[in-house]
Amino acid sequence: MKIFKPTTPGRRGMTRATLTKVTASEPFKKLTKGRQRAVGRNSQGRITTRHKGGGHKRLYRDIDFLFNKKDIPAKVETIEYDPNRSAFIALVLYADGERRYVLLPQSLKVGDTVIVSEKAPLKPGNRLRIKNIPVGTFVYNVEIKPEGGAKLARSAGNYAEVIGLDGGYTLLKMPSTEVRKVLENSWASIGEVSNEEHKLVNIGKAGRNRWLGKRPTVRGAAMNAVDHPYGGGEGKSGRGRRRAVSKWGKPTGKGQKTRTPKKYSNSLIVRRRKVGKKR
């Protein structure tokens, strides 16, 4: 971690992840594009996700999550910071001359070689079918459906652990502690996602969150009764109800179950995630 000197009140205690791994300051232009952020609005312009808006302008890096170049080795050319995600990214050069951006795993360095193959060796960055990965291995960039693109374990420092096989499925322990089944023909990459220090970052001041596109969050108890279930009352008052709820009266956090009852993946969940303070 880089710890800033307390030259101002906002700097006191402020930290950021170290960028010593980063080897390039400018992205590869052919793999970038402009992108208008929705800032929490739907197609009608109405707010569907609160507390989003503003933020620094970003150039989008086109990351390869499909990995459809099989059995062609690729060499890591540069390691870069990506403002659109918490992990670092790597620019890889395939043997056929094509360049792509991929998520960088821990311990992968410039000059290392990675490959997507069913017979790939078990080393960080290599990608193979999850049925060929031994129990106890940490994986990231996991597919839910074969050839459907990486969907699981993509944030900084995250990984899923292979804990068993079960009749055409592989059992994975997710970063949330949930245990779920994934089709054995799905692909996954070996290792853990880079920038594990991301969770230790101390933002330091309100303005830094505004740079990230995060707008202020108002407590429900500070609102009027018409605006929130916790609102109203004389002076400071408790929420006045047993269960924690959102602005719309739906259960939220504090160990309550909030999963959608008819979610498509319910049949694939072997063990629910642990929630609350005891997690």
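The values are calculated or read from the model by the stated rules, or taken from the named source; none is laboratory data. Everything numeric here is computed off the predicted structure, so don't read it as measured data. Cβ placement follows ideal geometry from the backbone for every residue including glycine, while neighbour counts extend to all protein chains displayed.
Okay, here's what the table says:
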read-out: Those residues of the stretch 183-228 which are within 27 Å of GLY249 (Cα to Cα) and in contact (Cβ under 8 Å) with a residue 40 or more places away in the chain, in sequence order; value: GLY213, LYS214, ARG215, PRO216, THR217
read-out: Filtered residue count, the stretch 250-267, keeping only those that are outside any loop (DSSP other than H, G, I, E, B) and surrounded by 10 or more Cβ atoms within 10 Å (Cβ to Cβ); value: 2
read-out: Within the stretch 138-161, considering residues that are surrounded by 22 or more Cβ atoms within 10 Å (Cβ to Cβ) and of a type in the set (A, V, I, L, M, F, W, C), the one farthest from SER107 (Cα to Cα); value: ALA150
read-out: Residues of the stretch 213-249 classified as charged (D, E, K, R), surrounded by 11 or more Cβ atoms within 10 Å (Cβ to Cβ) and modelled with pLDDT of 90 or more, total; value: 4
read-out: From the options THR137, THR78, THR170, residue that is farther than 23 Å from ARG273 by Cα and of a type in the set (S, T, N, Q); value: THR78
read-out: Yes/no for SER194 being polar (S, T, N, Q), surrounded by 15 or more Cβ atoms within 10 Å (Cβ to Cβ), under 30 Å from TYR81 (Cα atoms) and in contact with a helix residue (DSSP H, G or I) (Cβ under 9 Å, 6 or more places away or on another chain); value: no
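Residue-by-condition table, conditions (1) more than 26 Å from VAL22 (Cα to Cα); (2) in a loop (DSSP other than H, G, I, E, B); (3) over 19 Å from the mean Cα position of the chain (by Cα):
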{"position": "ARG50", "(1), (2), (3)": "yes, yes, yes"}
{"position": "GLY54", "(1), (2), (3)": "yes, yes, yes"}
{"position": "LYS57", "(1), (2), (3)": "no, yes, yes"}
{"position": "LYS69", "(1), (2), (3)": "no, yes, yes"}
{"position": "ILE72", "(1), (2), (3)": "no, yes, yes"}
{"position": "ASP82", "(1), (2), (3)": "no, yes, no"}
{"position": "ARG100", "(1), (2), (3)": "no, no, yes"}
{"position": "LYS109", "(1), (2), (3)": "no, yes, yes"}
{"position": "LYS123", "(1), (2), (3)": "no, yes, yes"}
